Every structure is written in C-alpha cells, then in structure tokens.
Amino acid sequence: MSHFTLQDRITIQSELSHRSPFHSIALLLSKSPSTISREIRNHLLVRDRSSYPQVRMMNDCVHRFECRLRCVCQPHCRFQNGNCRFCGHCFRFCQRYEKEICPSLSHPPYVCNGCPHRNRCTLEQKDYKADVAHQEYRDTLVESRSGFNLSELELTFINRELTPLIKDKKQSVHHACLVKADLLPCDEKTIYNLIDANLLPDIKNLDLPRKCRLKPRKSGRRQHKVDKKCRLHRTYEDFQNFIQTNPDVSIVEMDTVEGVKGGKCILTFLFRSCNFQLYFLTDHHTSQAVIHQIDQLYEQALGPELFKKMFELILTDNGSEFSNPTAIENDALNQPRSRLFYCDPAASYQKGACENNHEMLRRFFPKGLAFDDLTQEQLNLISSHINSYKRKRLNNHSPIELFSLLFGNETLDKLGVVQIAPENVCLSLHGLKNK
C-alpha cells in the first residue's frame, strides 16, 4: 500500500473538520479505516497551553468547577482576583490537581478537529494537522535510513573480535577484516566508520597509525545533472567519429573558469582552428546561465547564420553547467544550431588547448579571486590582449590575426574584441590598470 502524500493528509484534516467518520475518509482515499485511524493516532498534536486565549485559559483539573482556592501559583496573583478556577498556571503548584481527559479523545476520531465544543473547552486539546503530520513522516523516513544498521550485541561482538588484532597486535583494519571475514556482520568501510564515530569502545582513531597522519578527504560537491543521459551519443568516441567524417567542421572547446563558490564565473569558448578564445561573464555557475549566454550570441550578438558557421561543433567537459545538451544544441524554436560532445571523465587533456589558454587568463585572475566586480567590457579588453599575444605554434602569428582571416573583422566588432599592437600587449591586471 502506498504511503500517504501531503494532499492525502490535507484531505484527512478537511474531512475531520467536517466530522466525517473513518470509513468515509478511507473510501475517499482508497485506504482501510484502520490505516486512517493509525495515521491520526500516530500524528496527534497536543495544543500548547500558551495558545489558549486569556479569557479562556486552559484548566483541565477535575475540581475546576467547585474550586474555591485563591493565589496558589503566587501570593499576589491578580488573574481573575486570584481565583484558581480561572487560572492556567496554578496546576503546577496545587496539591489537589487531578488531570481530566476529555472522553471524546479515547475513541474515534481521537482529535478535537471539528468538535462543536472546542471554542469553550478548557481541557487539553489534540489536533491533526496535515503539514505537521507530513513533516513528522518525512523525518521518520530520514531517521530510519540513517546511522548504522547494527544492534548493541553486534557492536559488542565486533569490538571483542577486533580489539586484540587492531589495538594489541597493531594490525590494520583491512588485515583484521580479512582475518575475521567470516564472522563480521559488516564490511571494512563500516568498521572504519564505527571507529570514527566512537562506537567501538576499545578501538580509537589513535590506534590506527596512518589515520592520525592523513588529512580527512574533502567531500566533493554533488553535481546536479539536468539531463542524466546527456552523454548518450555524445561521448568523446562519438566526437572522434564525427570529425573523421566531417574533417572541415569548426570545433569550439567550451569551459568555465570559477572565481569564488557561488559568485560570478567566466564562460570560455576556444576556436581550435586559430586558438582564439572568447570570455563571457555569467552571474551563476549553472546550466541556465550557460544556455542564456549561448542564446545571446545566437539571437543578438552574431545572429543565427554566423553562429551556425562558427559553432558547428562544441566539445566540453562533464560539468553540471553543461548537462542540458538539448537546450545548447537547439534554439528556442527547437531548430538545430550546433552539435555538442563531451570529453571522457577526468580527461581535460582532450580539450587541452582550452585548458592551456586558461593559464593566460589566470595571470589576470589568480585562483580564489572573485569576479563580482568585473564587467564584460573589462573582460573584452583582457580578451583583446590575450588574443593579440603572438604564439610560436601559430607560426608567430596571434590568434586574433587568424580569427579575422577566418571570420572577418566585422565579427570581432560584434564580439567587442579589438587587435592590440604587439608592443602594447599586456598580460597582467596590474599592468592594464596602470595604462
């Protein structure tokens, strides 16, 4: 039987407020009446005393109607002339206090939802609230799946079996687990976690020589993939097959350069044919930010025809910001504008020209430097200097010279990049500021 959803619980709360019987609610939700009963009893919410209005303070003492005591809670109680029958605090001090429980709470519906006497009742009230019940359910799910699935007896057994080997004989956890492989109820990784959590009383991290010397590994950020099947038919092998049959295609290597986590980043495009690299400032390190910038180039800066000529094929890495290939490859009308392929995991050398060019960008922006104060105009100026820098591998030409031959000076104007005279090329932020 499926679990209750939030909407199911909202329905239960609504029906309870109309005093609907359990069998009617069960029929409505296709559940059994006993299931509805358990759901309500498992998630009863006792109303807090402080939530009762002062004109009707909570008083659940059985003697409240005939009580004549005064000022039991304090010598100078001014509440209703110190009359304890109207006070909501005297029960903590009164020796005659006996709690009265509403008989309606001992049988269905077990709650005060929909009770006609609710507004004038001073007894303890219990409610069923859908949002609270659903949150309790979610918390129970998480707690039931966290921690170690081992009993106290099993922990005692593990401690008894491994202590002589690890603590006394100085064996490694790996060796000890191999020796006791047929007896242990868990694997080697769990043993390490148990020791780290101090759940084995006689074995500590100090008993593991290398544990004290090694720094804890940093847990990497879990990447969010927009399309988990994004690599399908877009692998590096597919890329190689494609360029083999299309040798004259324009190849662009795409990547991002981060400043500080959560801040602005730089989206880069390198044209393999001429080693010319473009830089675009994006507000976020996300898939949507990348798509927005590509849309800007396609629809405004370059136009569809020129974009398709320049960006025939894009090669990138497996970052989550590139995990929506459909939106990158197609325009807003779902018409194809480019082809996208991915490098193999941990193989940045497959787009080595892009990575090498980033070293020149890092001369301006060392790692850890935020890009939040940077503007696109400043980035265009930096791009102009980097692309005007002559390269030996380009037969002593600069990338911008070759790019202008391939795509024309008009394209450079559209991109906001200009050619810098060789003697004026500067590859440091400090040098540019002094000009």
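Values for this structure:
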| read-out | value |
| --- | --- |
| 14 Å beta-carbon shell around LEU165, net charge (K/R +1, D/E -1) | 0 |
| For the stretch 92-132: rounded, prolate or oblate by the Cα gyration tensor [a/c cutoff 1.5] | prolate |
| Binned Cα-Cα distances of the stretch 303-435, short to long, each 5 Å bin given as a whole percent | 2, 8, 14, 17, 19, 20, 13, 5, 1, 0 |
| Partners for LYS126 among lysines (Cα-Cα distance below 18 Å; same-chain residues under 8 apart left out) | LYS99 |
| Sparsely packed chymotrypsin sites (Phe, Trp or Tyr not before Pro) within the stretch 134-218, loop by DSSP, other Cβ within 10 Å at most 15 | PHE148 |
| The stretch 389-435-the stretch 309-370 distance, computed between alpha-carbon centres (Å) | 21 |
| Of all DSSP beta bridges in the stretch 236-433, antiparallel share, percent nearest 5 | 70 |
| Gain in span if fully extended, VAL142 to ASN241, counting 0.36 nm per residue against the direct Cα distance | 31.0 nm |
| For the chain, share of DSSP beta bridges that run antiparallel, in % to the nearest 5 | 75 |
| Per-selection Kirkwood Rh - the stretch 337-403 (Cα, Å, 1 d.p.) | 14.3 |
| Inter-site label distance for LEU45 and ARG19 at 7 Å from Cα along Cβ, in nm | 2.3 |
| Inter-centroid distance (Cα atoms) of the stretch 5-22 relative to the stretch 123-185, Å | 37 |
| Neighbour cut-off at most 14 other Cβ (10 Å), DSSP loop, trypsin sites (Lys or Arg not before Pro), the stretch 220-328 | ARG221, ARG222, LYS228, LYS229, LYS261 |
| P(r) of the stretch 151-280 over all Cα-Cα pairs, binned every 5 Å from zero, in whole percent | 2, 8, 12, 12, 9, 7, 6, 7, 8, 10, 9, 6, 4, 1 |
| Segment GLU355-ASN395, extension gain: residue separation times 0.36 nm, minus the distance between their alpha carbons | 12.3 nm |
| Dimensions (Å) - the stretch 152-213, Cα atoms, principal axes, largest first | 30, 21, 20 |
| Full-extension gain in nm, ASP283 to ARG160, via 0.36 nm per residue minus C-alpha separation | 38.7 nm |
| Two-site FRET efficiency, LEU27 against LYS204, from Cβ-Cβ distance with R₀ of 60 Å, rounded to 0.05 | 0.55 |
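Every number here is computed from the coordinates shown, using simple stated rules; none is lab data. All values reported here derive from a predicted model rather than from experimental measurement. As a convention, Cβ positions derive from the backbone with ideal geometry for all residues, glycine included, and neighbour counts pool all protein chains shown.
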